[in-house]
Amino acid sequence: MHIAREAVLAAVLSSSCLTGVAAQTQEQGTRFDVTHCYVADTVVIDSPSAYRAQSLHQRGVLRANEPGGQFDNFATRCVGAVASIGGAPLEGRGYCEWAGAGEDRVLIRWTAVAAGRGSGVFIGGTGRYKGISGEVSFQQIAPTPTLEPGVVRACLHNTGEFKVP
């Protein structure tokens with residue numbers, strides 16, 4: 001009887017230690033580093049000396065910058081708008097969905113603070129990303145020539161960290 005109580009106590013302590021390790025790992029978050037290349041259809045409202053506003057409807061793909069990295073080969077779609085009033089730097093806001101296999105999806109709310117640079121936060125997810133939280137920052141890699149009026153092509157370097165419950 002005394003041995004059985006010690007075995008139960010050892011099992012409880014072992015389980016508590018493992019739960020603590022899992023929680024500690026979860027609290028640290030998971031880093032990611034991806035390249036996001038996309039094409040965007042745009043609609044422009046423009047008065048050359050006063051303002052320029054532009055809608056964006058993007059479609060693209062993510063490629064992890066490390067083999068087997070997070071979000072590798074996820075499809076993307078984004079909506080948003082950027083504007084410059086009175087010659088001020090461009091500002092923008094919008095949302096992006098990154099979609100992997102099955103129901104593995106995340107939703108990001110982004111803000112652009114300069115042409116080709118900005119940040120975002122994970123605001124939702126499904127599948128293995130349900131309950132996701134975290135941050136992402138992005139910067140345009142290099143200017144990409146456009147071939148057609150009203151179409152923008154670009155690649156962004158995205159880095160960040162996320163947590164899932």
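Applying the condition of being basic (Lys, Arg) and over 17 Å from residue 72 (Cβ atoms) to the range 102-124 and asking which residue is modelled with the highest pLDDT yields 109. Do you know which residues across the range 111-139 are in contact (Cβ under 8 Å) with a residue 24 or more places away in the chain and within 20 Å of residue 69 (Cβ to Cβ)? If the condition is that a residue be in contact (Cβ under 8 Å) with a residue 24 or more places away in the chain and within 20 Å of residue 69 (Cβ to Cβ), then 120, 122, 125, 127, 128, 129, 132, 133, 134, 135, 136, 138 are the ones that fit. In the range 59-69, how many residues are out of contact with any Asp or Glu (no Cβ under 8 Å at 6 or more places or on another chain) and either of a type in the set (Gly, Ala, Ser) or in contact (Cβ under 8 Å) with a residue 40 or more places away in the chain (or both)? So the answer is 2. The strands (runs of 3 or more DSSP E) falling completely within the range 88-154 that include 1 or more residues that are surrounded by fewer than 16 Cβ atoms within 10 Å (Cβ to Cβ) and β-branched (Val, Ile, Thr) map to 105-114, 117-126. Looking at residue 75, is it crowded, with 16+ Cβ neighbours inside 10 Å, aliphatic (A, V, I, L, M) and at pLDDT 95 or above? Spelling it out, it is not the case that residue 75 is crowded, with 16+ Cβ neighbours inside 10 Å, aliphatic (A, V, I, L, M) and at pLDDT 95 or above.
Can you spot a residue in the range 63-76 that is among the aliphatic types (A, V, I, L, M), under 11 Å from the mean Cα position of the chain (by Cα) and not in a loop (DSSP other than H, G, I, E, B)?
If we filter the range 63-76 for residues that are among the aliphatic types (A, V, I, L, M), which is where we start, we get 64, 75.
When the remaining residues are screened for being under 11 Å from the mean Cα position of the chain (by Cα), the result is none.
No.
For the range 34-54, the condition holds for no residue, the condition being that it is without any contact (Cβ under 8 Å) to a residue 40 or more places away in the chain, in contact with a strand residue (DSSP E or B) (Cβ under 6 Å, 6 or more places away or on another chain), within 15 Å of residue 138 (Cα to Cα) and of a type in the set (Gly, Ala, Ser).
The values are calculated or read from the model by the stated rules, or taken from the named source; none is laboratory data. Here the structure is a predicted model, which means the values were calculated and not measured. Note that each Cβ is placed from the backbone with ideal geometry, even for glycine, and that neighbours are counted across all protein chains shown.
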